[in-house]
Structure formats: C-alpha cells, structure tokens
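Engineer: Structure incoming, see below.
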Amino acid sequence: MEQLVELIANAKRMTALTGAGISTESVIPDFRSSGGIYTQREDAMDLLSLSTFYSRPKDFYEFFRAAFLQYSNVLPNRGHEVLAKWEKLGRLSAVITQNIDGLHQAAGSERVLELHGHLRTVHCPKCGAEMSMEEAKKYEPYPVCPKCQVPMKPDVVLFEEPLPEDVFGEALTEVGKTDLMLVIGTSLTVSPANLLVNYRNPNSRLVIINMSSTPYDWTADLVIRGKAGDVLSQVDGELGW
Ligand code: NAD
C-alpha cells in the first residue's frame, strides 16, 4: 500500500481503467466472480449478443432486464467517489470504464469514457430514433420503435458488436499520455478494452487493483489484491488530499 501511495503522489497524469468489479460493492454483480452473472446463466454471453437481440428480442430483453435494469436505484461506492475526488483535484485525467451502470458519473466523475456504452437510452436500429431507458422500460416484453414497429436496441455494446470508434480512439489517446495507469476491478479478459493496457505510454507505470488474478498481472509494476472501495479509500486517506 505504501508503494501505491507513493506512485499516486508522484503521478502527473493518472488514468483509471475500471470494470464490473468496482461496482460489486454497490451490489451490482460482475460477470466472472462467484455469484456473478455468468455463474447464474451459462448462456449469458450468447443471450447478450447482437444476434440474439435480432433473432430473439424477447429472450434478449428478459435476460437484459434481470441482469442490468433492476439496478437503476443503486448508489456509487467509495471506490467511485475517490476517483471522482481525484479528478476534481486535477490528479486523475479520466476514467475509462467497461461498465454501463453510470455510477462513475453518479459519484461526480466528469470525464468518463464509456467503452461499452450505457443504460440511459435505446435506439431504433432502422430509423435511428432515440428513446430514454425510463420510457423503454414501460414496454413489455421489449421496447418497440413507434414509427418502424421494430425492437429498439439498448445503447450498450453487445457481444459481436464493435466498440464506439470515437470513445475507443479517445481512450487510446488518453492511455498514450498517462504516466500512471490504475486498472481497477476488471478481469482484463474482454477485448479490445483489455488491450488498452498494452497501448499505454511505454514510460508509464501500471497498477492492478483486483480481487483475483488477471492475465496482465506479471506486466504490472504493482498488483494489489483487495476490494476496490477499501483499497482506494485507504490510499486516499494516506495521501491526505
Ligand atoms: P468481470 O466480471 O470479467 O471481472 C470483474 C473482476 O473484478 C474480477 O476479476 C473480480 O475478481 C474483480 N472484483 C470483483 N469485485 C471486486 C471488488 N470489490 N474490488 C476489486 N475487484 C473486484 O468484469 P469486466 O472485466 O468488467 O468485464 C466484463 C464485462 O461485463 C464488461 O464489458 C462490462 O461491460 C460488463 N458488466 C458491467 C457491469 C456494470 O456495469 N456494473 C456489470 C456486469 C458486467
């Protein structure tokens, strides 16, 4: 922990890459931990794919609602809050997140690059019309475009879909400039988000804060096994910012 405090205190341009693990302390299950979404349904990846959305929208939405839409009243935790505080102090330049839950913004983070989209809206794949998720939730069994009468797609990146080019491009630029990359609460198994670790500034340091091992651990300058909220709030306390 001392090493982490020192690295953060000396960083000029710190960037965080977060995953579902930062939100488990807000009681949103991740994918791969025990009790995670994959342990509840073996076919979760298939259900959350673009082809299932197109071919079986009812099955897609049934699972999507259960997996993500029931968490709309969840609050950010200390992990999200510390990152938002560090951004306000000018110490953290951006949060790059794989999460779709909006909890970084709810904690006060302003520069959040959402690699996998968000739960705020749905779109018609045919005419491009937008609808808020609040409105979309009222439809059973799934939201339908009032004009085209086709299922509307949540603005999250599904399996089989590419990442939004502009957001991924901005994330690449960001990690290219960072001198300290904090990777928090992600298994680093989902591509291309995990590749950001490889594309970071070659002179930067890498810290991984995660409950379990990741394929990138051996490349890191420091690996901390612990809960994101505990680790970040302890470090923040020791920094005394
Ligand atoms: P993942 O489930 O593959 O990995 C989560 C990692 O976080 C695991 O290695 C686990 O050990 C660790 N972890 C769990 N709780 C932790 C905690 N309190 N502190 C530190 N580490 C903790 O998730 P991923 O790597 O983000 O990739 C899966 C995909 O799942 C992402 O694309 C994301 O969009 C999606 N997802 C998002 C949410 C969300 O928005 N909250 C929830 C589930 C899945």
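Coordinate-derived values only; no laboratory data. Just so it is clear, the model here is predicted, and its values are computed rather than measured. Counting neighbours? That spans all protein chains shown, and the Cβs are built from the backbone with ideal geometry, glycine included.
Engineer: For residues that are over 18 Å from S72 (Cα atoms) and within 12 Å of the chain's Cα centre (by Cα), scanning just region 98-119, find the one that is nearest to the ligand (Cβ to nearest atom).
Structural biologist: The qualifying residue nearest to the ligand (Cβ to nearest atom) is L115.
Engineer: Among the candidates V167, V175, V197, which residue alone is among the β-branched types (V, I, T), in contact with a Lys or Arg (Cβ under 6 Å, 6 or more places away or on another chain) and in contact (Cβ under 8 Å) with a residue 24 or more places away in the chain?
Structural biologist: Numbers: V167 fails: in contact with a Lys or Arg (Cβ under 6 Å, 6 or more places away or on another chain); V197 fails: in contact with a Lys or Arg (Cβ under 6 Å, 6 or more places away or on another chain).
Every option except V175 fails the conditions.
Engineer: With the structure loaded, tell me whether S187 is within 13 Å of the ligand (Cβ to nearest atom), free of Cβ contacts under 8 Å to residues at least 12 places away in the same chain and at negative phi or whether it fails that test. Lay out the reasoning, then the answer.
Structural biologist: Working: within 13 Å of the ligand (Cβ to nearest atom): yes; free of Cβ contacts under 8 Å to residues at least 12 places away in the same chain: no; at negative phi: yes.
Here the answer is no, as S187 does not meet what is asked.
Engineer: Turning to a different aspect of this structure: Got a sec? Which of E160, E140 is among the charged types (D, E, K, R), touching a Leu at 6+ places or on another chain (Cβ under 9 Å) and over 30 Å from Q234 (Cα atoms)?
Structural biologist: On the way: E140 fails: touching a Leu at 6+ places or on another chain (Cβ under 9 Å).
After applying the criteria, what remains is E160.
Engineer: Something else: Run down T173, T189 and say which single residue is assigned to a loop (DSSP other than H, G, I, E, B) and more than 22 Å from M1 (Cα to Cα). First the steps, then the outcome.
Structural biologist: Numbers: T173 fails: assigned to a loop (DSSP other than H, G, I, E, B).
Sole residue among the options that is assigned to a loop (DSSP other than H, G, I, E, B) and more than 22 Å from M1 (Cα to Cα): T189.
Engineer: Restricting attention to strands (runs of 3 or more DSSP E) lying wholly within region 99-141, give those where 1 or more residues are surrounded by fewer than 18 Cβ atoms within 10 Å (Cβ to Cβ). Show your work before the answer.
Structural biologist: On the way: elements: 112-114, 117-123, 130-132.
Result: 117-123, 130-132.
Engineer: Another question, if that's okay. If a residue counts only when it is closer than 30 Å to V150 by Cα and more than 9 Å from the ligand (Cβ to nearest atom), which helices (runs of 4 or more DSSP H) contained entirely in region 4-97 have at least 1 such residues? Steps first, please.
Structural biologist: Values: elements: 37-40, 44-47, 50-55, 57-67, 78-88.
So the answer is 37-40, 44-47, 50-55, 57-67.
Engineer: Kindly provide the set of residues from region 96-131 that are of a type in the set (K, R) and farther than 24 Å from P57 by Cα, ordered by number. Lay out the reasoning, then the answer.
Structural biologist: So the first thing to find is which residues in region 96-131 are of a type in the set (K, R), and the list is 111, 120, 126.
Passing the criteria: only R111.
Engineer: Kindly check whether there is at least one residue in region 185-196 that is more than 18 Å from the chain's Cα centre (by Cα) and either more than 23 Å from K12 (Cβ to Cβ) or surrounded by fewer than 21 Cβ atoms within 10 Å (Cβ to Cβ) (or both). Lay out the reasoning, then the answer.
Structural biologist: In the first step, residues of region 185-196 are kept if they are more than 18 Å from the chain's Cα centre (by Cα); the result is none.
Within region 185-196, none of the residues are more than 18 Å from the chain's Cα centre (by Cα) and either more than 23 Å from K12 (Cβ to Cβ) or surrounded by fewer than 21 Cβ atoms within 10 Å (Cβ to Cβ) (or both).
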